[in-house]
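A short reminder: the numbers here are calculations on the coordinates, not readings from a lab. All figures in this text were calculated on a predicted structure; none of them were measured in a lab. Heads up, the Cβs are rebuilt from the backbone with ideal geometry, glycines too, and the neighbour counts pull from every protein chain shown.
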Protein chains: 2
Amino acid sequence: MMDETMLSLSGVRFSVRYAIVGSECEAQAAARLVAIDQTVEAPDEIIPAAICEHMLGRIEEFEKQGARYQATISFPVELLGTDCVALLLSIFGISSLRAGIQVIEMTIPERVLAVWQGPRFGSPGLRERIGVFDRPLVCGVLKPVGLSATALANLAYQLAVGGVDLIKDDQALVDQAFCRFEERVTRCVEAIGRAARETGHRCLYAPHISAGWDTMRRRAVCAQSAGAGAVLVCPGLCSFEAVRSLAVDPDLRLPILGHPALLGTYSVTATAGIAPSVLFGQLPRLAGADVMIYPNYGVGFPIERDDCAGIRDACRRPWGDLKPMFPTAAGRMGMDRVEEMRSFYGQDVVFILGSSVQRHPQGIRAGCRAFMKAVGQKDR
Amino acid sequence: MMDETMLSLSGVRFSVRYAIVGSECEAQAAARLVAIDQTVEAPDEIIPAAICEHMLGRIEEFEKQGARYQATISFPVELLGTDCVALLLSIFGISSLRAGIQVIEMTIPERVLAVWQGPRFGSPGLRERIGVFDRPLVCGVLKPVGLSATALANLAYQLAVGGVDLIKDDQALVDQAFCRFEERVTRCVEAIGRAARETGHRCLYAPHISAGWDTMRRRAVCAQSAGAGAVLVCPGLCSFEAVRSLAVDPDLRLPILGHPALLGTYSVTATAGIAPSVLFGQLPRLAGADVMIYPNYGVGFPIERDDCAGIRDACRRPWGDLKPMFPTAAGRMGMDRVEEMRSFYGQDVVFILGSSVQRHPQGIRAGCRAFMKAVGQKDR
């Protein structure tokens, strides 16, 4: 029987740091529960000794940090797997159902990290595609939902002539009867291409492709064939594994912008869910996003300056061979905060241009130019 | 220009009820923000009048309910789309990023609901497959992770001989080197089939197929070919749309058990996320799960009796032509709570048998038989 039940494990372990609410005693009990819930999820008595010894989560560190306790728990890498489904399952599958437990960091050994491709382009590759190396990038947004493909293409043209580096669909644009995906992509690519020929400045278009996987992939292929240059996808709607599937797809070579729709629930409570540095930093970088969008601090969303610092660092920190990912400054971001954001993020950040640019007294084009100048675009 | 920007909408609207934290004034402001964030996500000045009038969310009701305010907000059905990606985007995409806002109900007009297939089998269809009509169903669990396929098959045999109706993989079983998916499915189906020939009682096996979609579907096909009889999938890991894709797949005819891994984050905070009745009731039923697993009240998870009543009702309430879905009594559920659960859920519930059955003094088989007797299985 022992031969049959014995598991063979490499002995290599990865670890997750959890912040836990409660007294020292409660937090210790919760940490022990995480070690069980995330692995065998059963009482000791039914678990063969070998499984207990090797499979169960191990509390490697436990200490008070601020108002909460932090427990670093290690697990066999065999549970981590090589895709985002197994990864999320192994770090937080069952423990997400408990109150007062938050994932705050993942530590993955280098040799295990090597099976993760991460961003195909990363920030250096995206810069090369656009041809801008010495300043933050700026991304315009096609909105509001309800405009026809023609009206959106007109807007895209103005944004591109205004000099932005990227243009993304608003996340509410999917494939509605009043604005079909294919027509929108075709018209917007044409309009942006026309603007590029006039200005000599490249601009990538990221249509929103979130859908069931077959449809999502079909839309990505359509975007690539049309010459869009990038795609926008929501891991909260399609799964992080959907992002990874796009990033490793041999037939696709498009930078991926991740959008935080529906992910907020993971981050709005500061004592549960997945900390912003993991949710908007480590996870999308591992999955292969080249740019991750999230609401910035100071624009009315429950995200703090420290959270954004954590995301920024998770995007850039040397991490195996994974390329760095762009953090973003998003969420109704106006001209008034450009300097602050540049000093906070440095050059390697993508500004998501708020719709305020559509209200500029001299028009959209002038609004874009003013913003581009503020981020350091040279006169052209 | 107006011709180009004018949207053509059916005029039909669906609505979402949100519970909002704060003073009346704050809650009203938050409701107005939901109406904007979930649609145009832009200030009034840039929105053409026609879009403002038809696309923007409309606050249909606003009232105080307990400690929070509730706002019912309607949206054009064109945003709802026909898949779970557009649906989740339109009910909570951006608003999930705000604090203190919780989705508590979706109301979808019947003619719109008609495009949703929902559960392929539902509770009546699942009962027919098993041949049990007059008592709750019982589902055994293959655990802990770390056991070999052979050891799990041995456990499956004992559970099946003990008379359970369904056997599911523990969610931690994926496709690890020490227990490969295909080998597990083959061996467990064989063991359960052998037990069925001995007892004359049918038992379905639900292997865990969560993975990237291509792999997930391949595993579902493998499970079907092997004769497993059902599948287990985690919408929190693979997306609700993944569940729908399985439920509508013309080549698959397998009942779907949904598992709550990673969904906890949506429900652990009672003032944010998605209320349990929607998350574990309306959403999986719409997506097409036949059984939805979630932690029961009173077993140490942050879920209340009222939450479970809400799920139970959402599973069964007449809802267009959608078949009813099975609620479950899960989470280390022992014999001691069978009577309470039967009176709470009635007959149409699936008991997820805790690992306590593995500790029965007379062995697993006897443990199962005692439990089956408690739920009303006739002597055989």
- Looks like the range B:28-101, by Cα gyration tensor root eigenvalues a ≥ b ≥ c and the a/c under 1.5 rounded cutoff (else prolate when a/b is bigger than b/c, oblate otherwise), is oblate
- Note on the structure: With only helices counted (DSSP H, runs n ≥ 4, each -39500 (n - 2.57)), the per-residue ellipticity at 222 nm for chain B, to the nearest 500, works out to -11000 deg cm²/dmol
- Message: Can you compute the charge dipole magnitude of the range A:2-113 about its Cα centre, using +1 on each Lys and Arg Cβ and -1 on each Asp and Glu Cβ, nothing else charged? Give it in debye, rounded to the nearest 20.
- Response: 420 debye
- Task: With both partners inside the protein assembly as shown, how many of the DSSP beta bridges are antiparallel, as a percent to the nearest 5?
- Result: 45 percent
- Spelling it out for residue A:352: with amide H atoms placed in the peptide plane at 1.01 Å from N, the residues 5 or more places away or on another chain with amide H under 5 Å from its amide H are A:139, A:329, A:330
- Within the range B:350-366, what residues put their amide N at less than 17 Å from the label point 7 Å along the Cα-to-Cβ vector of residue B:299? B:350-360
- Could you put A:360, B:208, B:259, B:54 in order, starting from the residue whose Cβ has the fewest other Cβ atoms within 10 Å? A:360, B:54, B:208, B:259
- Note on the structure: Note on the range A:1-156: contact order normalised by length, alpha-carbon pairs under 8 Å, 6 or more apart, percent, works out to 28 percent
- Task: Could you give the C-alpha radius of gyration of the range A:122-374 expressed as a fraction of 2.2 N^0.38 Å, taking N as the number of residues it contains?
- Result: 0.93
- Message: Show me, for the range A:151-156, the HN-Hα J-couplings you get by feeding each phi into the Karplus relation (A = 6.51, B = -1.76, C = 1.60, θ = phi - 60°), rounded to Hz, glycine and proline as x.
- Response: 5, 5, 5, 4, 5, 4
- Query: Which residue, chosen from A:14, A:130, A:118, occupies the Cα position most advanced towards the positive end of the dipole of chain A, where the dipole is computed from +1 (Lys, Arg) and -1 (Asp, Glu) charges on Cβ about the Cα centre?
  - Reply: A:130
- Query: For the range B:235-380, what is the relative contact order in percent, using Cα pairs closer than 8 Å and at least 6 residues apart in sequence?
  - Reply: 17 percent
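From the cross-link list B:168/B:378; B:64/B:323; A:168/B:323; A:64/A:323, which pairs have alpha carbons spaced over 28 Å apart? Kindly include the intermediate steps, with their values, before the conclusion.
Details: B:168/B:378 23 Å; B:64/B:323 33 Å; A:168/B:323 39 Å; A:64/A:323 33 Å.
Exceeds cut-off: B:64/B:323; A:168/B:323; A:64/A:323.
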- Note on the structure: In whole Hz, the Karplus estimates of ³J(HN,Hα) for the range A:220-237 (6.51, -1.76, 1.60; θ = phi - 60°; x where Gly or Pro) are 5, 5, 4, 4, 5, 4, 6, x, 5, x, 6, 9, 10, 9, 9, x, x, 9
- Query: Using alpha-carbon pairs under 8 Å, 6+ residues apart, how would you state the relative contact order of chain A in percent?
  - Reply: 17 percent
- Where Lys and Arg each count +1 and Asp and Glu each count -1, what net charge lies around residue B:195 among other residues with Cβ under 11 Å from its Cβ? +2
- Mind listing the label-point distances from residue A:336 to the same position on all other copies, shortest first, one decimal in nm, points 7 Å along Cα→Cβ? 6.0
- Task: In whole Hz, with x marking every Gly and Pro, tabulate ³J(HN,Hα) for the range B:25-38 from phi via Karplus 6.51 cos²θ - 1.76 cosθ + 1.60, θ = phi - 60°.
- Result: 5, 5, 5, 5, 5, 5, 5, 4, 5, 4, 4, 7, 4, 7
- Roughly how big is the range A:238-380's charge dipole about its Cα centre, with Cβ charges of +1 (Lys, Arg) and -1 (Asp, Glu), in debye to the nearest 20? 560 debye
- What does the charge count near residue B:79 come to, summing +1 for each Lys or Arg and -1 for each Asp or Glu among other residues with Cβ under 13 Å from its Cβ? -4
- Task: For residue B:206, enumerate residues with amide H under 5 Å from its amide H, sequence gap 5+ or separate chain, H modeled in the peptide plane.
- Result: B:167, B:168, B:169
- Note on the structure: Per-residue average of other protein chain Cβ atoms inside 10 Å, peptide B:74-83 -> 3
- Message: Could you compute the net charge surrounding residue A:172? Neighbours are other residues with a C-beta less than 11 Å from the C-beta of residue A:172; K and R count +1, D and E count -1.
- Response: -4
- Note on the structure: Where a ≥ b ≥ c are root eigenvalues of the Cα gyration tensor, a/c under 1.5 meaning rounded, otherwise prolate if a/b exceeds b/c and oblate otherwise, the range A:121-218 counts as oblate
- Query: Just in the range A:82-144: which chymotrypsin sites (Phe, Trp or Tyr not before Pro) are loop by DSSP and have at most 16 other Cβ atoms within 10 Å?
  - Reply: A:133
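Taking the Cα centre of the protein assembly as shown as origin and charging only Cβ (+1 Lys, Arg; -1 Asp, Glu), how large is the dipole, in debye to the nearest 20?
For the protein assembly as shown, the charge dipole is close to 700 debye.
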- Note on the structure: The alpha-carbon center of the range A:257-319 and that of the range B:135-161 are separated, in whole Å, by 39 Å
